[in-house]
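The block underneath contains the structure these notes are about, expressed in structure tokens.
The values are calculated or read from the model by the stated rules, or taken from the named source; none is laboratory data. Small disclaimer: the values here were computed from a predicted structure and weren't measured. Glycine also receives a Cβ, built like all others from the backbone with ideal geometry; neighbour counts cover every protein chain displayed.
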Amino acid sequence: MPSHERTLRLLKSIARIEPARPSLKSGLRAAVAALVPVLVGQVAPVPATSWATLGGFLATVADKGGSYRARAATMGALTVAGALAAVAMALAGGWPWIATIVLFLGISAAGFARVYGAEAGSVGGLVAIIMAASVAAPAGGAEALARGAGVLAGGLWAMALALLLWPIRPYRPVRVAVAACYRALADQAAALEEASRRGEEAGYHALVQRHASIRAAIEAARAALGGVRRGRQGESGRGERLLVLLQDADQLFGTLVVLADTLEAAGDPGPSDSRSDARVEVERALAAFASKAHEVARVVETEGGGHRLPPIAWDEQALRAAIARDAREGGRAAAMTRSRLLHAAALLAQLREYLRIAVETAPALDDDSPAEAAPGEPAAAAPPGPKLRDRVLGPLRENLTARSLSLRHALRVGLAAAAGMAVSHGFELRRGYWITITAVAILQPYTGATVLKGLQRIAGTVLGCLLAAGIAAAVHDPLGLLALIFVLATAGVALLPVNYGAFSALLTPTFVLLAELGSGDRHLTHLRVVNTLIGGAIALAAIALLWPSPERDRFPEQMAQALRAAREVLARAAASHGSEREAAEAPLAAARRDAGLATSNAEASFQRLVAESRGAAEALEPLMAELTYTRRFVASVVALASSPGPTASPSRREELARFERRVGGALEDLAAAVAEQRPPAPLPDVFAPEPTDEGSGVEPAPTTLGTLFEAQLLRIARQVTVLHAAVSRAALAARERPVA
């Protein structure tokens, strides 16, 4: 790959905007939590105010929302652990080489905390920052205790601010998350309406690309609701209605996936001046759905009650009448297209029914009376969790092994921190703790994520230091400087969910200017740049040399899991034919969700692979095709499962069972080929009749059992053919032109 193309791809990765909204409220809280101790220190001789600033800021960053109990536990754990770490590291800092060993042990333990989950891992990472800062400034008994008290006071102030003075209503994060689901569904319906109107394959391809973000929104809402309800056992009302809305959103998502596949299969609607009435009616219904889903999102997000939503105006009978009218007027739509549009009418009726539940449920969110569950998915009480002893010791037993990714990562972070401290002491570098903090903040369990975050951190730090130098040269009034620091801190934390580089670019001048304000030294910007470069180099060396976990080794297994999950969807869909639809819906929905999550995991792995890739861009194309057509395969299978017709017909069940065996076997071989990075076996003829014994009198099962059913099988077979070609190209590319 030419160097300029590689550089351009790298710059795109660094500047990539995540699909998240800036969190202005979090930014304002963080700025207030950090700067109030600074103001106190400006007007009164209170010791360790800078440590209170650090404790308050980090405690606010640790607050990820959720129930009061969960948030208090997270912020409290950081506050107490941070205060103890500050004291211990201050006392150990007087003996540099002993301090290096203590720092290695402490930061390794903090990094190992991720075995208890993402929140514990986040707390461990923030405590590691306090360790690195405190060990760099040795202190005696009284001063060390004052430092710990400062961190404790700052953390308690942040907790009081977040939980008492500026409270978050417990269900607010869940309402926002559920509303985001309905907005995503509304946008998907609007995009589907446009794709249907234009009749371009690229429009339907873009719809598939959005599946991952919609699934991520639903799972984020599911996690937020679970976090809140864990602390509110046995309640009724608001939590149950939010659960109904979330279940309903999942059903709507699945139906939209099937509808998109059905409309794409129905073909080009034709020029705007000759399009059929039926297609126009489909698009009118989709536009109405998108508008109503946006209204549901608005009502879910707005608290206070008094909201009313008018009923849904669209009726599928108008579409059925248009289909019949088109047939009478000369059949502009062929028989196959008419059957698909009739299927679309049934799916739109299903969308209307699910949306009706949301329209009735959303305005009642502030009511605390019991709510009913969504159809087919009754809300069940959560099973009792494991005992405290198992929750504490279980993850330790599972991860105290050389094969544990978490243990390797913890040791890697500890060694990098110790190396950073050794370099700063050995070369007597000023503000050397910036080296250690940079290395600790950059290091991630995976190579690709570390490389990307390291480059974002370095680029953001350089830009931030330039900004800090300009501000320091132009602003000399302390109050004016504090006002600018407040704005920078607010914007930095608000942009953290969007881009880590932007966060670094704004937080760097925040702390550089605070350090200059406290020390009177106006020449710290170049130190920040140099120390960040050294810390980044140590982190990149650590991820390359110490138990590297390159994404090129992880992606094949993630992709294989996605293919196996897709095979399970096909098996569930085949089993649903001839069964009671309600009984078959729950297993199929669970398999579809598992496939969506597995594919999303593979897509996240692919993004990390792109970040670490140094090979030819052509080697990435087949991997993108594998991801895209796995999602399209699942969509086509779900469309098959929801198709109308004589599902109990023995001939159809036999045909589908034979098809499922052959396609399922092909998918299993594709999964194995991806995991082993080998070419797959040739595809079987999935429509060939079964061999029969001569003279048995048994005729082969027919292979065409109705136009819509046959077309759906052909469509699924085409998806498998494309997947087979992509896996074959990926194996060839891995052999000739490695992606990394």
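Quick notes on this one:
- In segment 193-222, the residue that is surrounded by the fewest Cβ atoms within 10 Å (Cβ to Cβ) out of those that are touching a Phe, Trp or Tyr at 6+ places or on another chain (Cβ under 8 Å) and hydrophobic (A, V, I, L, M, F, W, C) is 195.
- Residue under evaluation residue 153, criteria (1) over 18 Å from residue 73 (Cβ atoms); (2) surrounded by 24 or more Cβ atoms within 10 Å (Cβ to Cβ); (3) in contact with a Gly (Cβ under 8 Å, 6 or more places away or on another chain); (4) modelled with pLDDT of 95 or more, criterion not met: (2)
- Verdict on residue 194 being at pLDDT 85 or above and more than 18 Å from the chain's Cα centre (by Cα): yes
- Residue match in segment 423-435 (condition: in a loop (DSSP other than H, G, I, E, B), at positive phi and either modelled with pLDDT under 90 or surrounded by 24 or more Cβ atoms within 10 Å (Cβ to Cβ) (or both)): yes
- Residue count for segment 47-59, restricted to those that are more than 19 Å from residue 119 (Cβ to Cβ), hydrophobic (A, V, I, L, M, F, W, C) and at pLDDT 90 or above: 3
- Evaluation of residue 337 against (1) in contact with a Gly (Cβ under 8 Å, 6 or more places away or on another chain); (2) modelled with pLDDT of 80 or more; (3) of a type in the set (Val, Ile, Thr) (one fails), failing number: (2)
- Flag for residue 108 being within 30 Å of residue 429 (Cα to Cα), outside the structural domain of residue 298 (by TED's automatic domain parsing), among the polar types (S, T, N, Q) and touching a Gly at 6+ places or on another chain (Cβ under 9 Å): yes
- Considering 72, 44, 48, the condition of being of a type in the set (A, V, I, L, M) and surrounded by 24 or more Cβ atoms within 10 Å (Cβ to Cβ) is satisfied by 48 alone.
- Contact annotation: residue pairs with Cβ atoms under 7 Å, 6 or more positions apart or on different chains, pairing a residue in segment 18-29 that is modelled with pLDDT of 70 or more with a partner that is surrounded by fewer than 17 Cβ atoms within 10 Å (Cβ to Cβ) and of a type in the set (Phe, Trp, Tyr), are 29/166.
- Where a residue in segment 474-503 is touching a residue at least 24 places away in the same chain (Cβ under 8 Å) and closer than 19 Å to residue 56 by Cβ and its partner, wherever it lies, is of a type in the set (Asp, Glu) and part of a loop (DSSP other than H, G, I, E, B), with Cβ under 8 Å and at least six apart: none
- The residues on offer are 483, 489, 502, 474, and the sole one that is crowded, with 17+ Cβ neighbours inside 10 Å, farther than 22 Å from residue 11 by Cβ, out of contact with any Lys or Arg (no Cβ under 8 Å at 6 or more places or on another chain) and among the small types (Gly, Ala, Ser) is 489.
Let's see how each residue does on (1) modelled with pLDDT under 75; (2) not in a helix (DSSP H, G or I):
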residue	(1), (2)
7	yes, no
45	no, yes
61	no, no
80	no, no
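- Conditions (1) modelled with pLDDT under 90; (2) outside the structural domain of residue 33 (by TED's automatic domain parsing): number failed by residue 164: (2)
- Residues of segment 498-538 that are modelled with pLDDT of 90 or more and under 19 Å from residue 33 (Cβ atoms): 503, 506, 507, 508, 509, 510.
- Residue list for segment 127-172, restricted to those being within 25 Å of residue 24 (Cα to Cα), touching a Lys or Arg at 6+ places or on another chain (Cβ under 7 Å) and of a type in the set (Gly, Ala, Ser): 162
- Qualifying residue in segment 707-725 (condition: modelled with pLDDT under 80, farther than 28 Å from residue 565 by Cβ and of a type outside the set (A, V, I, L, M)): yes
- So residue 303, is it surrounded by fewer than 19 Cβ atoms within 10 Å (Cβ to Cβ), among the acidic types (Asp, Glu) and modelled with pLDDT under 75: yes
- Matching residues in segment 165-179 - criterion: being closer than 11 Å to residue 297 by Cβ and surrounded by fewer than 22 Cβ atoms within 10 Å (Cβ to Cβ): 176
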